[in-house]
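One structure is given here, and the rest of the page talks about it.
The values are calculated or read from the model by the stated rules, or taken from the named source; none is laboratory data. As the structure is a prediction and not an experimental result, all values here were calculated from the model. We place every Cβ from the backbone using ideal geometry, glycine too, and count neighbours over all the protein chains shown.
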Amino acid sequence: MHSIQAVPGQTPFVILHLSHNLTVSKIPEIRFDLSSTIGHMKTMIEKRYGSAADQMELILKDLHGNNVCNLGEDEKPLSFYNP
C-alpha cells in the first residue's frame, strides 16, 4: 500500500506500508522520495529488516489491497509508477 504526499516547498514523497510474506507483524511506514529507485528502496528495506534485496518482490497495491503492478525494474524511479 502507498500514498503520495506533497508538502509545499518539498519534493513529493511516497509513504509505504510494508508487509512481509514470512511474518504477520506490522512494519512501520517508510517514506521515499519519488526520485528514489526501486533498487534504492530494496536496499533501505534490507538495511532495516534484513531481507535480502535481491530476493525481494515488491508489488504495488491500491488502497483496497488489489495488485496494481510489480515493481521489478530496480533502475526505475518511483515516479515512473505515479498514477
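Scanning segment 31-75 for residues that are small (Gly, Ala, Ser) and in contact (Cβ under 8 Å) with a residue 40 or more places away in the chain yields Ser35, Ser36, Gly65. Residues in segment 35-76 that are among the β-branched types (Val, Ile, Thr) and closer than 13 Å to Leu18 by Cβ: Ile45, Ile59. Of the numbered criteria (1) over 12 Å from the mean Cα position of the chain (by Cα); (2) surrounded by 11 or more Cβ atoms within 10 Å (Cβ to Cβ); (3) at pLDDT below 85, the one Gly9 fails is (2). Here Lys76 meets each of (1) surrounded by 11 or more Cβ atoms within 10 Å (Cβ to Cβ); (2) in contact with a Lys or Arg (Cβ under 9 Å, 6 or more places away or on another chain) with one exception, condition (2).
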